[in-house]
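After the structure tokens below, expect a handful of questions from me.
The values are calculated or read from the model by the stated rules, or taken from the named source; none is laboratory data. Keep in mind it's a predicted model, so treat the numbers as computed, not measured. We place every Cβ from the backbone using ideal geometry, glycine too, and count neighbours over all the protein chains shown. Just the protein is used for accessible areas: all its heavy atoms, side chains included, with ligands, DNA and RNA removed. Shrake-Rupley method; radii C 1.70, N 1.55, O 1.52, S 1.80 Å.
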Amino acid sequence: MIRTILLYIAFLSTMTPAWAAELPKALNAVNRSGEQRMLSQRIIKGYAQLGMGVQPQQARAIVEDSVARFEANLKWLEAFDATPRSSLGEMRTRWQVLRNAIKAKPTLASARQANRRGEAALIAAERMTRLLQNVLNTEASHVVNLAGRQRMLSQRLTKAYMLISWGDVSPALREELDTTMHEFSLSLDLLSARAGNSAAINAELEEQARQWNWLKTAVATEGAVNYRLIVAEASEALLLSAERLTRLYEVAGTGQARSIP
């Protein structure tokens with residue numbers, strides 16, 4: 001793994017036309033690895049919704065779509081030479097355990113177990129994403145990682161809400177919900193204050209703020225069964241905005257290969 005990273009750093013430092021050609025692929029690797037974080041949480045969210053009967057048809061589609069996307073990203077990252085091999089192996093192992101966990105009929109007990117497996121997959125994806133980000137060590141790689149992490153936080157918050165709503169009253173889950181809300185708001189403020197944002201990026205940040213306020217309001221109304229539907233819909237709307245924003249930063253970053261000191 002170390003040899004692969006060193007070789008890739010040496011390649012990027014040459015600043016030749018080959019560097020310009022490889023930058024889009026390298027940033028896409030950061031994006032895809034970061035997306036795995038989100039998918040680990042979205043799977044559990046959909047699994048919990050399915051168990052509670054919250055938009056069951058949509059919930060099943062969410063789980064199936066997330067599984068397919070996780071596997072497609074994993075296959076892409078396996079084919080990318082600069083992907084750290086040890087982190088890739090860890091992600092593959094954690095993923096297989098998570099996928100096996102969601103084969104069981106969704107009950108609160110099985111959802112709790114699946115959530116623990118999802119947490120391990122999230123940690124593996126986070127580790128890989130940071131390694132890929134640091135290999136590039138550009139402003140673009142950092143902002144793609146930060147914007148992409150908002151996708152995960154939107155799903156992590158909703159996942160925690162659904163599990164609590166289902167009856168999981170563990171203090172750790174409550175702390176997770178509160179911490180996730182704080183982190184999302186902080187990152188949104190950081191991205192909004194960034195001087196290099198384009199008009200399109202600022203417009204999407206405004207849309208993300210609107211969707212975020214909608215989701216926060218719905219999450220705050222705990223105990224109302226009908227609000228589970230609103231939270232489910234708001235979660236997917238916020239995710240779409242976060243995905244568009246990440247892609248905008250990724251595309252913009254291909255022309256900004258400035259290293260961070």
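Out of the residues in segment 107-118 that are free of Cβ contacts under 8 Å to residues at least 40 places away in the same chain and within 17 Å of the chain's Cα centre (by Cα), state the one that is most open to solvent (accessible area, probe 1.4 Å).
Ranking the candidates gives ARG116 first.
Would it be correct to say that THR179 is touching a Gly at 6+ places or on another chain (Cβ under 7 Å), part of a helix (DSSP H, G or I) and surrounded by 14 or more Cβ atoms within 10 Å (Cβ to Cβ)?
For THR179, the condition - touching a Gly at 6+ places or on another chain (Cβ under 7 Å), part of a helix (DSSP H, G or I) and surrounded by 14 or more Cβ atoms within 10 Å (Cβ to Cβ) - is not met.
So ILE230 clears everything in (1) without any contact (Cβ under 8 Å) to a residue 24 or more places away in the chain; (2) farther than 25 Å from ILE164 by Cα except one condition, right? Which one?
ILE230 satisfies every listed condition except (2).
Another one. Read through the list (1) surrounded by 13 or more Cβ atoms within 10 Å (Cβ to Cβ); (2) under 21 Å from ASN31 (Cα atoms); (3) touching a residue at least 12 places away in the same chain (Cβ under 8 Å), then give the number of the only condition that SER198 fails.
Of (1) surrounded by 13 or more Cβ atoms within 10 Å (Cβ to Cβ); (2) under 21 Å from ASN31 (Cα atoms); (3) touching a residue at least 12 places away in the same chain (Cβ under 8 Å), only one is false for SER198: (1).
State all residues of segment 134-154 that are surrounded by fewer than 24 Cβ atoms within 10 Å (Cβ to Cβ), farther than 26 Å from GLU206 by Cα and either under 13 Å from the mean Cα position of the chain (by Cα) or in contact (Cβ under 8 Å) with a residue 24 or more places away in the chain (or both); if no residue qualifies, say none.
Scanning segment 134-154 gives VAL135, ASN137.
This table checks each residue for (1) polar (S, T, N, Q); (2) outside any helix (DSSP H, G or I).
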{"site": "ARG127", "(1), (2)": "no, no"}
{"site": "ASN134", "(1), (2)": "yes, no"}
{"site": "VAL143", "(1), (2)": "no, no"}
{"site": "ALA147", "(1), (2)": "no, no"}
{"site": "MET152", "(1), (2)": "no, no"}
{"site": "LEU157", "(1), (2)": "no, no"}
{"site": "TYR161", "(1), (2)": "no, no"}
{"site": "VAL169", "(1), (2)": "no, yes"}
{"site": "GLU175", "(1), (2)": "no, no"}
